[in-house]
Amino acid sequence: MKLHQLKPAKGATHKTKRIGRGDGSGHGGTSTKGTKGAQSRTGFKSKMAHEGGQMPIQRRVPKRGFKNPHRVSYKVLNLGQIEQLAAKYNITEFSLENLYINGLIAQTDLVKLLGNGELKGKYSFRINAVSEKAKAAVEAAGGTVEIVK
């Protein structure tokens, strides 16, 4: 086989549909656009989301609830995770900077400490929020908690 003998597999290529080139082309007359009306004319462009008079989907689907623009969401750290994170990343002070440097939070994230689990070591925390149970557990273990705004 030579380069000039190469051709596509049978059925892989199709003839282009040449519309408006006379009746002999098979696509003459109305050029496959049907008869009359704006859609058969040049320059026709339908409106976005127009469904031909049917009730549009954005009006058919019910609206429920709302997004609260004043919501404050926190990345959660539980007491049960602290021992593992301290061992893995060699951390004794859990501050926003340390957590960001180790790739545990994004730069703009807010962090809250929750009291699920047990704390054995002595750790210090400089975070945005803490639950009462978690604060009591950290202070009982000899650690400190400082709230940063």
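Over the alpha-carbon set of the chain, divide Rg by the Kirkwood Rh and report the Rg/Rh ratio to two decimals. On the Cα set of the chain, Rg over Rh gives 1.47.
The charge dipole of the chain, taken about the Cα centre with unit charges on the Cβ atoms of Lys, Arg (+1) and Asp, Glu (-1), comes to about 1840 debye, rounded to the nearest 20. Each other residue within a Cβ distance under 14 Å of Lys122 adds +1 if Lys or Arg and -1 if Asp or Glu, for a net charge of -3. Counted by neighbouring Cβ atoms within 10 Å, the residues Lys135, Lys45, Lys36 run from fewest to most as Lys45, Lys36, Lys135.
In plain terms, the chain is cut at each of the chymotrypsin sites (Phe, Trp or Tyr not before Pro) found in a DSSP loop with at most 15 other Cβ atoms within 10 Å, and the longest leftover piece is 67-149. Its DSSP H runs of at least 4 residues, each contributing -39,500 (n - 2.57), put the calculated 222 nm mean residue ellipticity of the chain at -5000 deg cm²/dmol, to the nearest 500. On a 0 to 90° scale, report how tilted helix 79-89 is relative to the longest principal axis of the chain, with both axes built from alpha carbons and the result rounded to the nearest 10. Approximately 80 degrees, to the nearest ten. Each DSSP beta bridge with both residues in the chain is either parallel or antiparallel, and the antiparallel ones are about 0%.
Ordering Thr35, Phe94, Gln58 by Cα displacement along the dipole of the chain toward the positive end leaves Thr35 in first place; charges were set at the Cβ atoms of Lys, Arg (+1) and Asp, Glu (-1).
Taking neighbour counts of Cβ atoms within 10 Å as a proxy for exposure, in what order, fewest first, do Arg21, Arg126 appear? Write out the running numbers ahead of the final one.
Values: Arg21 12, Arg126 17.
Ordered from fewest to most neighbouring Cβ atoms within 10 Å, Arg21, Arg126 come out as Arg21, Arg126.
Every number here is computed from the coordinates shown, using simple stated rules; none is lab data. None of the values given here were measured: they were computed from a predicted structure. Cβ coordinates were reconstructed from backbone atoms using ideal geometry, including for glycine residues, and neighbour counts include every protein chain displayed.
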